[in-house]
1. Filter the stretch 500-521 for residues that are in a helix (DSSP H, G or I) and over 20 Å from residue 431 (Cβ atoms) and give the result.
2. Of 255, 226, 279, which residue is in contact with a strand residue (DSSP E or B) (Cβ under 9 Å, 6 or more places away or on another chain) and under 21 Å from residue 198 (Cβ atoms)?
3. Quick one: what pairs do we get from the stretch 134-156, first residue outside the structural domain of residue 25 (by TED's automatic domain parsing), second surrounded by fewer than 24 Cβ atoms within 10 Å (Cβ to Cβ), C-beta under 9 Å, 6+ apart or different chains?
4. When the residues of the stretch 233-250 are filtered to those that are under 21 Å from residue 298 (Cα atoms) and more than 19 Å from the chain's Cα centre (by Cα), which remaining residue is surrounded by the most Cβ atoms within 10 Å (Cβ to Cβ)?
5. May I ask you to say which residue of 201, 219, 161, 206 is in the same structural domain as residue 86 (by TED's automatic domain parsing) and at negative phi?
6. How many residues, within the stretch 480-515, are over 25 Å from residue 404 (Cα atoms) and either in contact with a helix residue (DSSP H, G or I) (Cβ under 6 Å, 6 or more places away or on another chain) or not assigned by TED's automatic domain parsing to the domain that holds residue 429 (or both)?
7. Name the residue, out of 374, 432, that is surrounded by fewer than 22 Cβ atoms within 10 Å (Cβ to Cβ), under 17 Å from residue 71 (Cβ atoms), in contact (Cβ under 8 Å) with a residue 60 or more places away in the chain and over 17 Å from the mean Cα position of the chain (by Cα).
8. Being in a helix (DSSP H, G or I) and either free of Cβ contacts under 8 Å to residues at least 40 places away in the same chain or over 26 Å from residue 182 (Cα atoms) (or both) narrows it down to one residue among 41, 51; which is it?
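The values are calculated or read from the model by the stated rules, or taken from the named source; none is laboratory data. Not measured: the values here are computed from a predicted model. Neighbour counts run over all protein chains shown; Cβ positions are idealised from the backbone, glycine included.
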């Protein structure tokens, strides 16, 4: 609030932050500019919203996504005009695929100045409308609290999604007397009894339940395991879950493979696929001679609970309908620490051997982490997030936001190519003193693209196309880069060294980075 003589005026910017805080927004990841100064200044009046400076807009939007994934509450990002929103768009895409409630706050020009076509003017309306389907320009300070409340409602859904609220600079600086509206995340939409009955009739040995969303929480996994055991059905996990409970005491699911031919082989014996909290999986790209759908054409795909619907309630109803008893778990100890050469397999084993209970694992390991879920299935209870929208550069920002929202440590596994998209997130981790361990997986190539390239046939290693897969010449020094951003860093070239570095990093407060260099293939 800004003093005016002896009175203090409550501004639209104050109403916005008060409304967002009442709706569960506890942090704002900001890369602000001139048009956002009223919003920035109003943060001084609302210490309940933690203001976190980031150095690039993709970090702001990705961190808001990470915060939302681990807390279930809306994450907020503050960016500058259309170019700022455009820079952060890729991680808003990942948030949309994760059904994360994310509010992108964008400073905007008043109409009178926009009409002059200043240099930073752009098609903000068109860009914002493409994010998640809800967009508003807030042009009046008197209703800015209502605008913020409507944006939160839209973000929470169900299902959750990213939304954009563009705030005109003069509106944020004008008086607002609206009362604060406390917007809570709504309950998911109930599933009809007839839908549950149809699923119960379909269950059998050639049926698979494909789980996503709330079905991947510990409670959802327990219920789904009982359902599957009662009818000898298979349990599958969507290829890229937003967040999944994993480790000791949780069912280890078979994850649908990223590679379409492998996924089609996984699903070849499935006559009926029942979707629980997710959508039907499809191939990531269009390949000649490979069907885009992963299930057989003659297989049935039915939905028990769509995203935004009550997956837990539907599973509870199925358990009751089937009379499915609890399923016990044999106690497992963590896997042994690996030794020898550092390979994708030994890297995942090192993670599994050193994870502590309550860790959030942010997985942007791409090809190097193919064994991660298997290697961590017996580790202490933890959660794993994945690259839901396939837009690279989510790992470091998501880890930043997850660390702000989580009570435990965060471990980010980031491929060396992906690291370069959002390295400035390290600076914010250091500035905030966050307990994040980043492991950069160094094979010095875009291995996933290399694999895709070889689909086209044998190509000479010295060719122009081969050079576009190569991350050497010069080799990037991730230790030096991390230290430049203020994060302590070490290098590991063997499995033993990686285990040692992970244990040391977990035992010290604050962020750390380990450059894990794979043995030459």
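1. Within the stretch 500-521, the subset in a helix (DSSP H, G or I) is 500-506.
Once the filter is applied, which keeps residues that are in a helix (DSSP H, G or I) and over 20 Å from residue 431 (Cβ atoms), the stretch 500-521 yields 500, 501, 502, 503, 504, 506.
2. Checking each option against the conditions leaves just 279.
3. Nothing qualifies.
4. Pass one, the stretch 233-250, residues under 21 Å from residue 298 (Cα atoms): 233-236, 238.
From what's left, more than 19 Å from the chain's Cα centre (by Cα): 233-236.
Working: 233: 21, 234: 18, 235: 20, 236: 26.
Checking each candidate, the answer is 236.
5. 161
6. Final tally of qualifying residues: 5.
7. Numbers: 374 fails: under 17 Å from residue 71 (Cβ atoms).
Only one candidate passes the filter, namely 432.
8. Working: 51 fails: in a helix (DSSP H, G or I).
The unique qualifying residue is 41.
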